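The block underneath contains the structure these notes are about, expressed in structure tokens.
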Amino acid sequence: MKDIKTKIAKKLAGSIEQLSWTEIMDNLEYPPEPHMGDLALPCFKLSRVMRKSPMAIADSLVDSLDIDVVERCESKSGYLNIFINREYLVNNVLKTIVEKKEETGKSNEYAGKTVCLDYSAPNIAKPFHIGHLRSTVIGHAIRRLHEFRGYKCVGINHLGDWGTQFGKLIVAYKKWSSKKAVEEKGTEELVRIYVKFHEEAEKDPSLNDLARQWFARLENKDEDAMELWKWFKKISLIDIEKTYKVLDITFDSYAGESFYYDKTQPVVERLKERNLLIESDGAMIVNLEEYNMPPCLIVKSDGASLYASRDIAAAIYRKETYDFDKCIYVTATAQDLHFRQWFKVVELMGYEWAKNLIHVGFGMVSMGGAKLATREGNIVYLDDLFSEASKRVLDIINEKNPDMEDKEQKAQDIGVGAVVFSDLSNNRIKDIDFSWEEALNFDGSTGPYVQYTYARACSVLRKSELSEKDINMKDIKPEHMTNDDEFTLLKTLSLFNEKIDQALRDLEPSCISRYLIDVCMDFNKFYNAHSILGAEDNKKFRILLTAAVKYVLANGLFIIGLKRTERV
Ligand code: ARG
């Protein structure tokens, strides 16, 4: 629809000299009802600049669109309602999709540009829970959106693998665990002793001093401490990577916090040179009062680096290594202040690229109204969530289609798809009160609905004796589009590119998930009302229309990180 809109906006610009064609384009709307046209120009805002009533403006424009893309226009209550030429839609939209196939929705608009995406970033020796799932799936979708517009993407997993918690873990391990237990139970054992440490430290605060000593040994590269830390990290990563495998997500770099703990000295030097560093209670801070923010902590009183200084060192390293045009950080909005603070520090350090650091926040996940917290045990483990989801899908398959091939894998693809889709179906900023029922709901506007519709389109194409490849676009005539179901579906398909643009502009994957539901609803309506393979005169057209649905759904599913289930 983008090129249709462009043509219309350019033509209208000839009659509206007060606005540029791009401004007109921004004003064009998709009306809520078909009888209101396929596009509409509300003339209310124009009224002031054109010094005419909205009705008079719409009246004056009604005959101006004598171009091939437009069938007719009408002026109604201050709107210019525009009806698209159906012939044009068939010849252009359908043709473009069936020609572009797997490339549908892709462009090279930003070729040559690089974006670093910092997402997922779970904390070592802590469970991978639904809070980190959000960062993982939102970040991954944002990465795909950039790829679709030609960006070179560097996916970075800034692992939380450094900090005082490792001192605690070492103490806890030495007191309450064993090599055998950790090897057998993995992360679960590490979490158990971490929780126990906090319980015991309540009663005996000296444990905290001990933990601090061990962490100091770690920072000084003490061999015993390093060896344990490396081992804990290895054990945790085994579990973390299992999750990525299920989600089919990979990263280009796993340089996490530990990679930077001894690289913060240049940051300190530069801040000193610029007189930005001040001492406060033995620690080194940057005062941000002028910017209405609390100070940013750079060096602890014992000389150790901190979350913020490691982030600054990491940003500099990434700029030097990848020369990014943008660096995007996907974390909960709870970390908003942290990012605003250190972005400001980078700016004060004189790095002009500070403006290219972007924090993409998302809402908190709670459960039963309470915050998720490892220590209190209010947590949903991803492993449990994924296996429960897969099990429920498998039960349905066993009931409906017990002979399905490869059913365990399919049950997992669909079950995990349901969880991921439910995470991406609302605006990212919205808080989520997690409920098992909702995450595992397979009816209505859900991931399984999209995956199932995709499989349905694939199945129609498989069953057809006439392959999409054998159909020549030249044989498709506009009159083959015989009803509004086909027209509506084609119009919805034509929006894919704009939805990608919008999702990329707002860094909002839910634009795509919602759009996929629209495509599925339109396709299912068409499918239920009309025979595709039994069609008489327009079978070829309907097959190509189904193929176009397949390409759009395939790439849409790919963007939001759901498996494409060809057969279910
Ligand atoms: N590990 C952190 C957490 O779980 C997220 C890290 C995000 N990335 C960053 N560069 N700070 O909260």
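The values are calculated or read from the model by the stated rules, or taken from the named source; none is laboratory data. Keep in mind the model is a prediction, meaning the values are calculated, not measured. Ideal geometry is used to build each Cβ from the backbone, glycine not excepted, and the neighbour counts take in all protein chains shown.
Scanning region 328-341 for residues that are within 9 Å of the ligand (Cβ to nearest atom) and in contact with a helix residue (DSSP H, G or I) (Cβ under 7 Å, 6 or more places away or on another chain) turns up TYR329, VAL330, THR331, ALA332, HIS338. Restricting attention to region 112-127, does a residue exist that is surrounded by fewer than 22 Cβ atoms within 10 Å (Cβ to Cβ), away from the ligand (no atom under 16 Å from the Cβ) and in a helix (DSSP H, G or I)? Taking every residue of region 112-127 in turn, none turns out to be surrounded by fewer than 22 Cβ atoms within 10 Å (Cβ to Cβ), away from the ligand (no atom under 16 Å from the Cβ) and in a helix (DSSP H, G or I).
Based on what the data block shows, is GLY369 surrounded by fewer than 18 Cβ atoms within 10 Å (Cβ to Cβ) and over 21 Å from LEU297 (Cβ atoms)? Taking the combined requirement at face value, the residue satisfies it.
The set of residues in region 214-246 being more than 23 Å from PHE386 (Cα to Cα) and hydrophobic (A, V, I, L, M, F, W, C) consists of TRP214, PHE215, ALA216, LEU218, ALA225, MET226, LEU228, TRP229, TRP231, PHE232. Here VAL195 clears all of (1) surrounded by fewer than 18 Cβ atoms within 10 Å (Cβ to Cβ); (2) without any contact (Cβ under 8 Å) to a residue 60 or more places away in the chain except the condition numbered (2). Just one of (1) surrounded by 15 or more Cβ atoms within 10 Å (Cβ to Cβ); (2) closer than 25 Å to TYR110 by Cα fails for THR333. It is (2).
Condition check for HIS480 on (1) under 30 Å from ILE397 (Cα atoms); (2) surrounded by fewer than 20 Cβ atoms within 10 Å (Cβ to Cβ): one failure, at (1). In region 342-381, what residues are modelled with pLDDT of 80 or more and within 14 Å of the ligand (Cβ to nearest atom)? Selection gives TRP342, PHE343, VAL345, VAL346, LEU357, ILE358, HIS359, VAL360, GLY361, PHE362, MET364, VAL365.
Could you go through region 387-394 and let me know if any residue there is closer than 22 Å to ALA503 by Cβ and not in a loop (DSSP other than H, G, I, E, B). Looking for residues that are closer than 22 Å to ALA503 by Cβ and not in a loop (DSSP other than H, G, I, E, B), one finds none in region 387-394, hence no.
Within region 131-159, being outside any helix (DSSP H, G or I), within 15 Å of the ligand (Cβ to nearest atom) and within 25 Å of ASN497 (Cα to Cα) holds for VAL154, GLY155. Of the residues making up region 160-176, those that are surrounded by fewer than 23 Cβ atoms within 10 Å (Cβ to Cβ) and within 16 Å of the ligand (Cβ to nearest atom) are GLY160, GLY163, THR164, GLN165. Within region 401-408, is even one residue part of a helix (DSSP H, G or I) and surrounded by fewer than 17 Cβ atoms within 10 Å (Cβ to Cβ)? The answer is yes; a qualifying residue exists. Among the residues of region 419-443, those identified as part of a loop (DSSP other than H, G, I, E, B) and either within 17 Å of LEU557 (Cα to Cα) or of a type in the set (Asp, Glu) (or both) are SER425, ASN426, ASP431, PHE442, ASP443.
In the set (1) touching a strand residue (DSSP E or B) at 6+ places or on another chain (Cβ under 6 Å); (2) not in a loop (DSSP other than H, G, I, E, B); (3) not polar (S, T, N, Q), VAL416 fails one condition alone, (1). Only one entry in VAL69, VAL49 is modelled with pLDDT under 95, surrounded by 15 or more Cβ atoms within 10 Å (Cβ to Cβ) and not aromatic (Phe, Trp, Tyr), namely VAL69.
For region 250-274, residues that are away from the ligand (no atom under 16 Å from the Cβ) and within 30 Å of ALA418 (Cβ to Cβ) total 1.
Among the residues of region 198-231, those identified as among the aromatic types (Phe, Trp, Tyr) and either touching a Ser or Thr at 6+ places or on another chain (Cβ under 6 Å) or surrounded by fewer than 17 Cβ atoms within 10 Å (Cβ to Cβ) (or both) are PHE215, TRP231. For region 311-323, the candidate set comprises residues that are surrounded by fewer than 23 Cβ atoms within 10 Å (Cβ to Cβ) and of a type outside the set (A, V, I, L, M); within that set, the residue that is nearest to the ligand (Cβ to nearest atom) is ARG318. Sort out which residues of region 160-174 are under 15 Å from ALA121 (Cβ atoms) and either touching a Gly at 6+ places or on another chain (Cβ under 8 Å) or in a loop (DSSP other than H, G, I, E, B) (or both), and write them in order of number. Correct list: GLY160, ASP161, TRP162, GLY163. With respect to the conditions (1) under 29 Å from MET226 (Cα atoms); (2) touching a strand residue (DSSP E or B) at 6+ places or on another chain (Cβ under 7 Å), VAL171 falls short on a single one, namely (2). With a requirement of 2 or more residues that are free of Cβ contacts under 8 Å to residues at least 60 places away in the same chain, the helices (runs of 4 or more DSSP H) lying completely within region 465-568 that satisfy it span 484-493, 496-506, 510-529. If the requirement is being touching a strand residue (DSSP E or B) at 6+ places or on another chain (Cβ under 9 Å), more than 16 Å from the ligand (Cβ to nearest atom) and not polar (S, T, N, Q), which of these qualifies: LEU247, LEU277? Matching residue, one of LEU247, LEU277: LEU277.
For ARG212, state whether it is over 31 Å from the mean Cα position of the chain (by Cα), more than 16 Å from the ligand (Cβ to nearest atom) and closer than 30 Å to VAL419 by Cα. No, not satisfied.
With a requirement of 2 or more residues that are in contact (Cβ under 8 Å) with a residue 60 or more places away in the chain and more than 30 Å from ALA389 (Cα to Cα), the strands (runs of 3 or more DSSP E) lying completely within region 247-361 that satisfy it span 326-332.
The single condition from (1) modelled with pLDDT of 95 or more; (2) assigned to a loop (DSSP other than H, G, I, E, B); (3) among the basic types (Lys, Arg); (4) in contact with a strand residue (DSSP E or B) (Cβ under 9 Å, 6 or more places away or on another chain) that LYS106 fails is (4).
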